[in-house]
Each structure stands twice: as C-alpha cells, then as structure tokens.
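The values are calculated or read from the model by the stated rules, or taken from the named source; none is laboratory data. Since this is a predicted model, take the numbers as computed values, not measurements. Cβ: placed from backbone, ideal geometry, glycine included. Neighbour counts: every protein chain shown. Each accessible area value is taken on the protein alone, full model and side chains, heavy atoms only, with ligands, DNA and RNA left out. Shrake-Rupley method; radii C 1.70, N 1.55, O 1.52, S 1.80 Å.
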Amino acid sequence: MPMYQEWQPGKDIRVAIWKIEEPESFFEEGTGLQSDKKSAVRRLEHLAGRFLLRYLLPGASLNQIEVSHLGKPFFRGNGPCFSISHSFPFVGVAVSGSDVGIDVQTLQEKIVKIQYKFLSPEEQALCDNHTARITLAWAAKEAAFKRYGLGAVDFIRHMPIREMQVDGTMATIKMEFLREEPAVHIHLHGGIEADFAWSVTV
C-alpha cells in the first residue's frame with residue numbers, strides 16, 4: 001500500500017499523502033464509486049482522493065459529498081471538513097473539525113520562470129530561485145485559497161507570505177489573507193520531499 005506519509009500537524013487535523021501506483025479498479029473497489037472524468041489520470045486522481053478520504057474517515061459516506069459552485073467539495077449536512085489535492089502521482093487529503101485547506105504540487109523546474117506571476121519580489125527573495133521552495137510557496141497559497149474558498153483572489157496582493165522556515169523536509173509558513181477586512185493571519189505547515197511539496201492550513 002503506497003501510503004507516502006501521515007501527519008497530525010495540529011490537534012484537530014490529520015493529513016495523509018498517497019502515491020498512486022494502483023489501477024483504477026483498485027480505487028473503484030475501495031470506494032464503491034466510479035468516476036466520470038474523461039482523462040484516465042483525472043479518474044485515478046478523483047478516485048484516489050475519495051479512497052484516501054475514507055481511509056482518514058472510515059465511517060464517512062462518500063455519496064454525501066457535494067461540490068460548491070466554486071469547486072470545493074464538502075459533506076452534505078454537518079459532516080467533517082476536508083480538503084483534497086492531487087498532483088499526479090500524489091494525492092493529499094486533510095480532515096479537520098473546522099475549515100481546512102491542503103495542496104500538493106510535484107516539483108517542476110519550469111516554476112522558476114513563472115514565479116513572478118504569484119510571488120512578490122519579497123517572496124521571491126525568500127525562495128532564492130530554489131525550485132522546491134517556490135513550489136512550497138505555491139502550495140501554501142493554494143492551501144490557503146482552498147481554506148477560505150472566497151473565489152477570485154490575487155495571490156500576490158491578497159496572500160503575502162511573511163515568513164517561511166524550512167527545517168529538513170518540514171516547513172512552517174506565516175501568511176496574511178487580505179481578501180477581506182480585517183486581515184487574517186494564517187499559519188501553515190508543509191514540507192519538501194524528493195518529488196513534491198505540500199502545505200496545509202492549521
């Protein structure tokens with residue numbers, strides 16, 4: 001079973017990341033679901049996300065999941081909060097008693113050339129043209145975006161990263177969310193692995 005790793009970055013949060021190596025049928029059998037995604041990779045990601053969610057929440061009914069008009073999945077009624085992210089072949093899921101956001105991004109060198117699109121000059125200096133750190137910063141902003149789910153956000157103007165500390169494979173990030181007043185101070189955990197970076201709101 002390719003469970004990559006599990007974390008509990010906060011007292012009310014559980015996080016797991018899975019590396020997809022199984023066929024689609026494995027996840028269909030494990031969830032009782034079928035995906036209507038057209039791409040084979042997208043079907044795998046969709047089903048693997050539900051499979052990992054059930055692993056973290058064994059009693060959850062996957063048929064109770066709905067998707068908001070902004071594309072955010074949630075349990076109908078008063079079910080637990082969760083967030084799913086996938087960047088093939090990795091899938092990440094976070095579950096919590098309150099709103100949560102997670103993002104997983106595979107490492108790709110091309111992100112260095114486009115970092116100016118989502119990082120301010122100050123944030124670029126924090127990352128020092130390091131592919132993994134830039135990817136971690138992107139994952140942190142995506143996780144915060146999913147957590148607050150308010151629609152259109154300017155990743156540079158509304159989501160400035162104030163501090164990013166990386167210690168080995170683990171990281172902590174401090175960010176402000178300025179989409180609405182007053183500003184919200186966000187703390188995130190994250191990490192840099194050999195093939196991907198991840199971040200989750202805490």
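Quick notes on this structure:
- Residue in the range 147-156 that is outside any loop (DSSP other than H, G, I, E, B) and on the phi < 0 side of the Ramachandran plot present: yes
- Only one entry of A171, A143, A137 meets the criterion of being open to solvent by less than 30 Å² (accessible area, probe 1.4 Å), free of Cβ contacts under 8 Å to residues at least 60 places away in the same chain and touching a Gly at 6+ places or on another chain (Cβ under 6 Å), and that entry is A171.
- Flag if I186 is under 16 Å from the mean Cα position of the chain (by Cα), under 20 Å from L70 (Cβ atoms) and in a strand (DSSP E or B): yes
- Criterion (surrounded by fewer than 20 Cβ atoms within 10 Å (Cβ to Cβ) and either β-branched (V, I, T) or under 18 Å from the mean Cα position of the chain (by Cα) (or both)) met by exactly one of D103, D128, D99: D99
- Only one of the numbered conditions (1) at pLDDT below 95; (2) closer than 27 Å to H187 by Cβ; (3) part of a loop (DSSP other than H, G, I, E, B) is not met by Q108, and that is (1).
- Complete set of residues in the range 168-183 that are at pLDDT below 95, hydrophobic (A, V, I, L, M, F, W, C) and either part of a loop (DSSP other than H, G, I, E, B) or under 18 Å from F155 (Cα atoms) (or both): F177, L178, A183
- Tallying residues that are crowded, with 17+ Cβ neighbours inside 10 Å, without any contact (Cβ under 8 Å) to a residue 24 or more places away in the chain and within 17 Å of E28 (Cα to Cα) within the range 51-77 yields 2.
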